[in-house]
Amino acid sequence: MKFTEEHEWLRVDEDLVVVGITEHASEQLGDVVFVEMPEIGTLVSKDDEVVVIESVKAASDILAPIDGEIVEVNEALADTPGKVNDDPLGDGWFFKIKPSDLGQMDEYMDETAYQDYIA
Amino acid sequence: MADLLTTPLNALHRELGAKMVPFAGYDMPVQYPAGVMKEHLHCRAKAGLFDVSHMGQVILRAPGGYAQAASEMEALVPVDLLGLGEMRQRYGFFTNDQGGILDDLMLANRGDHMFVVINAACKAGDIAHMRAHLPGCEVEEITDRALLALQGPAAEAVLDALVPGAAEMRFMDVAILPSEFGELWISRSGYTGEDGYEISVSDAQAEALARALLAHDDVEPIGLGARDSLRLEAGLCLYGHDIDETTTPVEASLIWGIQKVRRAGGAREGGFPGAERILDEMANGAARARVGLRPEGRAPMREGTQLFENAEGGAAVGQVTSGAYGPTIEAPMSMGYLPRPLATEGTVIYGEVRGKRMPVKVAKLPFTPANFKR
């Protein structure tokens, strides 16, 4: 698993990359009450705003961590956005992206580096 | 932020794991580890303890006692204070010459004097305003007492166990009761839509009282985050957001706060700043009204969201003044101002969220029913 400075995690799942936010991020956001997903098939570039999260506190954007095509989104979050808080690394995932260049993941932190980053 | 003020409960908030933020010049807890959603739901289910010590507490004394203070104060607020019963409290607002609202406040008849509670951010202005316009009154700002709020269906049982007599109070009663925490100034009121109390306690005893309340299984500490979602569900205004110097009480749908005796045809009609405009709007209607808004989707429409009559085209007709997710109603909720023809329950208008116009329905306030003990 890789981690971005924006507190997203990326997990390679066969030829796709699953993206979510870290436990640290979900704690900082507070209770998530609404998640707006991109449409399946959307082509995204790194740093495009792809997801909007509304928590009890504020709205924030999730950026595409790599270039690629959105091939699946976590539809369950539409009705149960609280999964982002309850299980950010599991059931609270956001979308799966078909990467254009898996090498873009190399720039991101591993777990140890991320833990240092948020410490 | 070295110059932030602190309340007597500051160390307790930190001990409880609160996330502290600057609010109206004070270092205040925005949430505790449970988080806004759980705190909100707990308050509606059991009881929540709030530190509202940042609010201003002021005593008004006059040679002529309460009646003189009330009579002078009636020149600043459109409220029936002379008719307010002893040990009773009323909601009111200071108006300006344009009919706008300078602050909203609570006013109590405490027998030989008046006691008022004002908003933290307006404290200095309100006190200067009272000193300038209440010539016969001594305006004493109380600076050595904290203010706690205990709100929720369990509040009565919890407080009465510590302070016998609390249960006998009715909604908007005030009482001065002895306790092991010294003399408490209690009102049966609050800012959540729930039954509950606001309790003024000496700074020295505030933490002991807070700990005694928190020791009860039913009581959890509640931060400013849930305070905001609770008051919004209850349809209550936040000064500086839903009401301010540019909104009249009529526009703000607060005419229930203007008693008959101060209205047109009443024995003490008008006589407060901006009376001409306010009474005219009461007779002929204001151009706009504060309304409840229920977005049809799940996305909250927050403060500043522009409102449109149609899904496309046209200029904004109003805007959201408060908006959040309502944990009890399990849906987003907002308040805002709309032109009067659109300000009727069930009307669908559009709020622009991230460049898209989303349908939102004008809804009845409060969003959750009030549970006051009348």
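Only the coordinates and a few stated rules stand behind these numbers; no lab work does. Quantities reported herein were computed from a predicted structural model and do not represent experimental measurements. Ideal geometry is used to build each Cβ from the backbone, glycine not excepted, and the neighbour counts take in all protein chains shown.
Assign one of three labels to the stretch A:2-101, namely rounded, prolate or oblate, based on the Cα gyration tensor with a ≥ b ≥ c the square roots of its eigenvalues; rounded applies when a/c is under 1.5, prolate when it is not and a/b is larger than b/c, and oblate otherwise. Because a/c hits 1.5 or more and a/b exceeds b/c, the stretch A:2-101 counts as prolate.
Considering only B:GLY355, B:VAL250, B:SER200, the residue lying farthest towards the positive end of the dipole of the protein assembly as shown is B:VAL250, judged by Cα position with unit charges set on Cβ. Between A:GLU6 and A:ILE40, the FRET efficiency from the beta-carbon distance, with R0 = 25 Å, is close to 0.65. Approximating the spin labels as points 7 Å out from Cα along Cα→Cβ, the A:ALA78-to-A:SER100 distance works out to 2.8 nm. For the stretch B:191-299, the relative contact order works out to 24 percent when only alpha carbon pairs closer than 8 Å and six or more residues apart are counted.
Could you size up the charge dipole of chain A around its Cα centre, putting +1 on the beta carbon of Lys and Arg and -1 on that of Asp and Glu, and report it in debye to the nearest 20?
Working: 7 positive and 30 negative charges, 23 e Å.
Value, rounded to 20: 120 debye.
The loop-placed GluC sites (Glu not before Pro) in the stretch B:51-87, going by DSSP, that have at most 11 neighbouring Cβ atoms within 10 Å of their Cβ come out as B:GLU86.
I need to check one value: relative contact order of the stretch B:126-249, counting alpha carbon pairs closer than 8 Å and at least 6 residues apart, in percent. Walk me through the intermediate numbers first.
Values: 152 pairs, mean separation 27.8, N = 124.
Over the stretch B:126-249, the number comes to 22 percent.
Placing unit charges on each Cβ (+1 for Lys and Arg, -1 for Asp and Glu) gives the protein assembly as shown a dipole about its Cα centre, and among B:THR7, B:VAL116, A:LEU89 the Cα reaching farthest toward its positive end belongs to B:VAL116. Comparing mean-square fluctuations of B:ASP203, B:ASP160, B:ASP51 from a GNM of chain B with C-alpha springs under 10 Å, the top value falls on B:ASP160. In plain terms, the chain from B:GLU138 to B:LEU177 could stretch by 11.6 nm, reckoned as 0.36 nm per residue minus the Cα-Cα distance.
Ranked highest first by average number of other Cβ atoms within 10 Å, how do B:318-329, B:254-265 line up? Could the numbers behind the result be given before it?
On the way: B:318-329: 22.3, B:254-265: 16.5.
Ranked from most to least packed, the peptides come out as B:318-329, B:254-265.
Note on A:LYS46: lysines with a C-alpha under 16 Å away, same-chain residues under 8 apart excluded, are A:LYS2, A:LYS96, A:LYS98.
Determine the dipole magnitude for the stretch B:287-374: charges of +1 sit on the beta-carbon of Lys and Arg, -1 on that of Asp and Glu, nothing else is charged, the reference point is the Cα centre, and the result goes in debye to the nearest 20.
Values: 13 positive and 7 negative charges, 65 e Å.
Roughly 320 debye, rounded to the nearest 20.
For chain B, relative contact order (Cα pairs under 8 Å, six or more residues apart, normalised by length) works out to 18 percent.
Taking a ≥ b ≥ c as the square roots of the eigenvalues of the Cα gyration tensor, chain B is oblate, since a/c reaches 1.5 or more and a/b is not larger than b/c.
If the only charges are +1 at each Lys and Arg Cβ and -1 at each Asp and Glu Cβ, what is the size of the charge dipole of chain B around the Cα centre, to the nearest 20 debye?
1080
The phi-based Karplus calculation (6.51 cos²θ - 1.76 cosθ + 1.60; θ = phi - 60°) puts the 3J(HN,Hα) values of the stretch B:261-272 at 5, 9, 8, 4, x, x, 5, 10, 4, x, x, 10 Hz, whole numbers, x for Gly and Pro.
Sorted from fewest to most neighbouring beta carbons within 10 Å, what does the list B:ARG227, B:ARG302, B:ARG188 look like?
Working: B:ARG227 28, B:ARG302 19, B:ARG188 25.
Ascending Cβ contact count within 10 Å gives the list B:ARG302, B:ARG188, B:ARG227.
Label-to-label distance, B:ALA311 versus A:THR112, with points set 7 angstrom from Cα along the beta-carbon direction: 5.6 nm.
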